[in-house]
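See structure below.
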Amino acid sequence: MTDDKAFRSELELFVDDHFGYRDDFVGLHNHMNYWAGIGNRDVIVGRRGWFYLNIDSDSLEVSDRNLIKWSMIHRLKELWLKERGVEYWFLLAPNKQTVYPEYLPWRYRLSDNVSVSERLTNFVLNNKFSGVVLAEEILNKGKSKWELYSRLGTHWNACGAGIVSRQLMEKMVIERDRGLLGIVADDTVLWKEGGDVDLVTMMNLENVFKQLDPVLSFDFEYREEYLNTWEGIDLTRTTCEKALTDKNVILFGDSFTNFMRPFVCRSFKRTHVLYNVFPDFNDMAFYYKGLGESANVVVEECVERSFSRLYSLPIIKEADGRDLMQRILDSCVSLGEITRESIFDNNDAQLRFEVKNNGFYQNRVQDPFFILPKKGNSKSLYYLLEIDVTVEEACVFELFFKKNQYDNYAPEDKFKYDLAVGRNQFYEILSHEELQSQVRIDPGELGLNFKIHGISVSGVNLRLD
């Protein structure tokens, strides 16, 4: 019976792909859907010939917790690079529907929900973060003069990439008078048929719809090398002999970065572009060192819909990383952004493992854990929990928390951390609700030896409105 089902399934797939005039029928079906204003699971058909990527709703919003996590990661990268004489800049590329919501069907508009771009903009401005380029405002101003995103594709076009690159270079104060300030002007823009058409291609309509796309003329040349095998990622190295500066840049980014490359290359003698890399602190250090530590500037571009990839707080192994994190936290304390608190009563902690020599514990039961009961009260809405531990073998630590409505720990209310052999320092953001009762930490499996160097809590005072 199983073999018959498998055969029928494979036969259906074969027929679907090989029946006569399949592409023509699929194209006709999609064309009829277009005139009816119907897209598919990947594409939204908008008004006046505009198409949009159908983005998962979870990627259209960002929580308070994840904004706090991003801010910690941003500061960690910024300070680590600054101490090596390197500038760090983060650039958020807005979704197409953020800049051009007016052509979306009514049912897809954000209504009262605030976009990721708007929330990040308010968060950065309210808390005075440095090293961040907020592109939404400049794009909203520029769209009254130029069309900045492809109607038939996902990305910004050369005009959109140009004015955002110009904003980035202005932030870096690179050749204000000669540089990119005039690179997007009426006399440099030619409009030709073509450009990004990935959305209509998803609907098999690329032969039906055409668009005029801006093509910018440049008065400089650059040389590109594709090194697609470096550390298993797509890497492009670009050299511009007549660059405006002698500086070198590393650019982490996604497909939006590809449109920015000519503008960035104009300002830097050498540009390394790493595609589809969303580096945490450990990755940033690895790639920077791997490329010879020759960069003067590091830029990280991320499209709005992928911002959720930047939330994971790093597990720090190196001593200099732990020292760096502590200096960042001390700085946050002095700025009033966090408050050191004594929330847990360590004397009443419940332990379920055996104490060994030299301060190490050993798991002697199948379900080892220790529980830290909460004491006192705090007015903070969110807390930063720091755990510093040494393990003698790779393992998984789990952090459970209780919510008010539950007496027991729920399997879904936890965080997991993959720890490597040696000392690990890891962090988590917990809400006031999640710290109402007590926290349970499950340190690995039966037989694991580990040592707790410290557990501390800080109240987070960042403005989140």
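The values are calculated or read from the model by the stated rules, or taken from the named source; none is laboratory data. Just so it is clear, the model here is predicted, and its values are computed rather than measured. Cβ: placed from backbone, ideal geometry, glycine included. Neighbour counts: every protein chain shown. Quick note on the areas: whole protein, heavy atoms, side chains included, nothing else; ligands and nucleic acids left out. Shrake-Rupley method; radii C 1.70, N 1.55, O 1.52, S 1.80 Å.
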Would you mind getting me the FRET efficiency between Phe278 and Asn207? Use the beta-carbon distance for r and R0 = 25 Å, nearest 0.05. 0.10
When all protein chains stay in place, what accessible area (Å², nearest 10, 1.4 Å probe) is found for Thr238? 0
Sequence neighbours fewer than 8 away in the same chain don't count; with that in mind, list the lysines whose C-alpha is under 26 Å from Lys145. Lys96, Lys171, Lys192, Lys210
What size of dipole, in debye to the nearest 20, comes out for the stretch 245-316 about its Cα centre when the only charges are +1 on Lys and Arg C-beta atoms and -1 on Asp and Glu C-beta atoms? 280
FRET efficiency (Asp323, Ser255; Cβ distance; R0 30 Å; to 0.05) is 0.25
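Could you tally the net charge around Val421, taking each other residue with its Cβ under 12 Å from the Cβ of Val421, Lys/Arg +1 and Asp/Glu -1?
Details: positive: Lys317, Arg423; negative: Glu392, Glu393, Asp418.
Charge balance near Val421 sits at -1.
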Label-point separation, Arg223 to Ser63 (7 Å along Cα→Cβ), nm: 5.1
Taking all protein chains in place and a 1.4 Å probe, what share, in percent, of the accessible surface of the stretch 384-465 do carbon and sulfur account for? 44
Taking R0 as 51 Å and r as the Cβ-Cβ distance between Asn54 and Glu445, the FRET efficiency 1/(1 + (r/R0)^6), rounded to the nearest 0.05, comes to 0.75
Which lysines, if any, have their Cα less than 20 Å from the Cα of Lys242, not counting same-chain residues under 8 positions apart? Lys269
Looks like the stretch 64-116, by Cα gyration tensor root eigenvalues a ≥ b ≥ c and the a/c under 1.5 rounded cutoff (else prolate when a/b is bigger than b/c, oblate otherwise), is oblate
